Amino acid sequence: MPVTPANSDILRFDRLYIGGEWVLPEEGGMIESIDPSTGAVWALVARAGRGDVDRAVAAARAALEGPWGTMPGHERAALMRRFADLYQARAGELAELEARDSGRAIREARADIGSHHNGYHWWASLADKASGRTIPFDNTVHAFTSRVPVGVVAAITPWNVPLMAAAWKLGPALAAGCTVVLKPAEQTPVGTLELGRLFEAAGFPPGVVNIVPGYGGGDVGEWLVAHPGVDKVAFTGEGGTARAIVNVGSQTMKRFTFELGGKSPHIIFDDADIDQALNAATNSAWTLCGQSCALGSRVLVQRSVYDRVVAGFRDCAARVRVGPACDANTHMGPQAHLAQLEKTVAYIGYGKEDGAELITGGERLSGGIHGNGYFVQPTVFAGVSNDMRIAQDEIFGPVAALIPFDDEDDAVRIANDTRYGLTAGLWTGDTGRAHRVAAKIRAGMVWVNTYRFIRWSTPYGGFGASGWGRENGVEALDSYLETKTTIISTHGRFPDAYAD
Ligand code: NAD
């Protein structure tokens with residue numbers, strides 16, 4: 001629980017969660033967390049130092065080799081279910097913390113975080129299902145495989161959806177029997193730190209989950225990646241960070257999963273239900289103020305309906321209520337931090353420089369309800385060609401780039417002309433076309449006549465620059481398990497190779 005000092009509105013979360021205890025950081029540092037709706041510091045959060053990282057990894061190792069490692073799967077599942085119930089009971093409060101910390105609109109945060117307990121329950125149901133197989137050989141040996149936890153996992157999460165990113169790692173890691181050291185992004189550490197209360201209340205053995213807020217490069221993130229006591233790094237964030245993690249983590253041959261960025265094509269054919277397509281395309285361009293890896297930020301529109309879709313985007317932008325994240329009336333909150341706002345504004349400039357037509361938006365909003373917050377208008381560019389910077393780079397802001405295409409082949413060519421390959425959407429009334437186009441698109445997840453439908457059971461991850469491996473689905477469980485082969489002689493004799 002936060003401590004509110006007298007004469008101050010700034011909350012203090014002054015302890016780390018290590019080894020089942022709330023401990024002061026050894027070096028006593030604090031992170032200032034800024035409320036992006038106001039631009040002012042709203043919370044001070046304990047900042048882990050190198051010694052704290054060592055303590056957390058040691059606690060995770062001890063739990064792995066002790067009570068957690070020896071606990072039957074169904075008992076781990078029971079603890080996870082208890083955690084899920086507690087999470088559900090506190091979901092509203094967690095949503096408020098996330099809205100305050102990340103600027104995510106409270107209505108969106110409530111809907112998302114209010115569903116996370118389902119995911120934890122789903123993962124709990126897999127906690128006793130990791131089974132191996134028997135390998136037929138001959139009657140001299142019995143050969144079989146078993147699936148064992150990878151070990152201690154460093155889970156490193158981004159600032160856009162901190163609790164969802166944490167859930168996607170904690171769920172499969174705990175189901176697999178791993179232990180975790182969780183490091184939230186420095187911009188949004190608050191909600192994640194509060195998860196420690198729930199693990200404590202659920203009765204998890206000390207050290208199964210440890211939470212160490214801190215910075216990335218040259219700090220807690222990098223120390224965890226370099227730490228010889230960590231077996232796997234589960235990371236969501238930027239490609240450049242992932243490459244740095246590979247460089248450091250490969251020195252100790254860590255396992256990796258990487259959920260990185262996207263520049264997803266959202267394709268609208270002229271035979272689609274255009275109103276439905278517009279609902280999905282506008283939402284998937286501006287949800288989370290554009291700070292989602294699955295954003296349909298490249299909207300590919302068949303020429304015959306292009307003007308209609310451009311007009312639909314313009315009209316919808318006028319209806320989007322941009323305001324403080326914790327206001328229930330707000331559709332779209334601010335950008336999560338100042339550097340992200342500056343990046344978005346810079347890319348809006350690149351769009352103009354590169355010759356795209358700004359249809360609406362494009363400005364930072366300030367004053368009035370927007371005050372000094374990091375608000376930007378929902379923005380629409382038309383006449384975009386796929387080689388422009390706003391079509392090739394992940395902006396992570398509410399900027400839709402509308403690109404015209406002629407026919408199916410043209411749509412597929414443009415859709416695949418990207419270094420990313422995370423998600424894609426397509427809208428068509430033709431079932432054959434749905435199958436043809438979906439099969440040709442190079443992306444880890446393709447939606448037809450829907451968008452951003454993501455569940456715990458559906459594997460999620462990307463091709464190319466969008467990452468390595470998958471989160472969610474049984475595929476994610478696999479990535480937290482090692483296969484171990486055991487071969488037992490059934491006759492107990494081993495010939496003397498040097499007998500003559
Ligand atoms: P980021 O890479 O800057 O930071 C992510 C995390 O890595 C933070 O916790 C940070 O402290 C840590 N970090 C930074 N440098 C590090 C280092 N050298 N070693 C270890 N840790 C380090 O990313 P971000 O800006 O926080 O997040 C935005 C990115 O995340 C976007 O590119 C977005 O597409 C991506 N993302 C992807 C998914 C997905 O599922 N594919 C989901 C959400 C966000």
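In the stretch 407-470, inverting the average of 1/r over every pair of distinct C-alpha atoms gives 12.2 Å as the Kirkwood radius. Among VAL310, VAL448, VAL376, the ranking by other beta carbons within 10 Å of each residue's beta carbon, starting with the fewest, stands as VAL448, VAL310, VAL376. Legend: calculated FRET efficiency, ARG243 to ARG389, from the Cβ-Cβ distance at R0 = 22 Å, rounded to 0.05, equals 0.60.
Once Rg and the Kirkwood radius are both taken over the C-alpha atoms of the stretch 265-448, their ratio Rg/Rh works out to 0.97. Here each label is just a point 7 Å from Cα along the line to Cβ, and for ASP500 and THR485 those points are 3.1 nm apart. With the simple model of a label 7 Å out from the Cα in the direction of the Cβ, ALA318 to GLU65 spans 6.8 nm. In this simple spin-label approximation, ASP409 and GLN276 carry label points 7 Å from Cα along the Cα→Cβ vector, and these lie 2.9 nm apart. If you find the alpha carbon centre of the stretch 480-500 and of the stretch 365-381, how far apart are they in angstrom? Between the Cα centres of the stretch 480-500 and the stretch 365-381 lies a distance of 68 Å.
Relative to one another, the C-alpha centroids of the stretch 236-287 and the stretch 101-164 are positioned 20 Å apart. Translational diffusion coefficient of the stretch 118-276 (Stokes-Einstein, Kirkwood radius from Cα pairs, 25 °C, 0.890 mPa s): 138 µm²/s. The three principal axes of the Cα atoms in the stretch 314-418 give end-to-end lengths of 46, 25, 20 Å, sorted in falling order.
Within a Cβ distance under 15 Å of ALA346, other residues only, what is the Lys/Arg minus Asp/Glu net charge?
Details: positive: LYS343, LYS352, ARG364, ARG389; negative: GLU342, GLU353, ASP354, GLU363, ASP393, GLU394.
Net of charged neighbours comes to -2.
For the chain, with equal point scatterers placed on the C-alpha atoms only and solvent neglected, what are the log10 I(q)/I(0) values from the Debye formula at q = 0.07, 0.09, 0.12 1/Å, to two decimals? Listed by q, the Debye log ratios stand at -0.40, -0.64, -1.07.
If R0 equals 41 Å, the separation of the Cβ atoms of SER131 and GLN251 corresponds to a calculated FRET efficiency of about 0.80. Taking Cα atoms, how many degrees apart are the long axis of helix 73-89 and the longest axis of the chain, rounded to 10 and kept between 0 and 90? Long axis of 73-89 versus the principal axis of the chain: about 30 degrees.
Net charge within 14 Å of VAL322 by Cβ-Cβ distance, Lys/Arg positive one each and Asp/Glu negative one each, not counting VAL322 itself? Local charge sum for VAL322: +2.
Seen against the Cα atoms of the chain and their longest principal axis, helix 239-249 is set at about 20 degrees.
The tail of the calculated P(r) for the stretch 222-309, taken as Cα-Cα distances beyond 20 Å, holds 52 percent of the pairs.
Taking the longest Cα principal axis of the chain as reference, the axis of helix 91-102 is set at about 60 degrees.
For LEU24 and SER146, the difference between the fully extended length at 0.36 nm per residue and the C-alpha to C-alpha distance is 39.9 nm.
No lab work stands behind these numbers, since they all come straight from the coordinates. The structure presented is a predicted model; accordingly, all values stated were derived computationally and were not measured. Note that we place each Cβ from the backbone using ideal geometry, even for glycine, and neighbour counts take in every protein chain shown.
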